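Engineer: Shown below is the structure under consideration.
Please treat every number below as a calculation from the coordinates, not as lab data. Here the structure is a predicted model, which is why all the values come from computation and not from measurement. Neighbour counts are summed over all protein chains in view; Cβ atoms, including those assigned to glycine, are modelled from backbone coordinates with ideal geometry.
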Amino acid sequence: MPESSVSQVSIQNVKIAVVDGDLLVRDFVSTVLMYCVNRDVLSFDNGMAAWRYLEGADSPDIIISEVDVSGLNGFELLARFKEKHPAKKCLLMSSNPDDEKIARDSGADAFLAKPVSVTDLFRVVEAFVV
């Protein structure tokens, strides 16, 4: 994730949701973020489960979702989340480089290329979290 692709935003007391069907990736991203920001990190294995939670009043400030997640895919989740919470941040991740342009055109705040590195996650923290 190039440094120029993310604008600096500060969100205090941030809550983050990680959505990925791959347990290893989901746990890796969640664990790194939990230790980086020492805040609430929720994890979901599919887009529909995430959406059910995100519809609530206490929805996360940031979503990091795999594009090819089951239920609602990442693009559908992004569209619904941004419609309901336009000021909140949604980042998409994928191993398919072609998804980056679609993600940005769809309104994603950032794109993470898989495999996601610790450095990429630190950049997310620096850009979006206090």
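Engineer: Could you tell me how far the Cα centroid of region 102-130 sits from the Cα centroid of region 13-68, in Å?
Structural biologist: Region 13-68 and region 102-130 have Cα centres separated by 13 Å.
Engineer: Note down, for the chain, the three equivalent ellipsoid semi-axes (square root of 5 times each alpha carbon gyration tensor eigenvalue), biggest first, whole angstrom.
Structural biologist: The three semi-axes for the chain are 18, 17, 15 Å.
Engineer: Return a whole-number percent for the relative contact order of the chain, with Cα pairs under 8 Å and 6 or more residues apart as the contact set.
Structural biologist: After rounding, I find 30 percent.
Engineer: Then there is this: How much FRET efficiency would the formula 1/(1 + (r/R0)^6) give for ALA49 and PHE122, where r is the Cβ-Cβ distance and R0 is 30 Å, rounded to 0.05?
Structural biologist: Calculated value: 0.65.
Engineer: Hey, can you grab everything whose amide H is under 5 Å from the amide H of ALA17? Only 5+ residues off in sequence or another chain; H modelled, so Pro and N-termini drop out.
Structural biologist: Counting only residues 5 or more places away or on other chains, the set is LEU42, ILE62, ILE63, ILE64.
Engineer: Take a quick pass over region 12-128 and tell me how many lysine pairs come in under 18 angstrom between Cα atoms, counting only ones 8 or more apart or on separate chains.
Structural biologist: Final tally of qualifying lysine pairs is 7.
Engineer: Extension gain LYS101-ASP27, at 0.36 nm per residue separation less the Cα-Cα distance, in nm?
Structural biologist: Difference between extended and current length: 24.0 nm.
Engineer: Neighbour counts of other C-beta atoms within 10 Å: give me TYR53, TYR35 arranged from fewest to most.
Structural biologist: TYR35, TYR53
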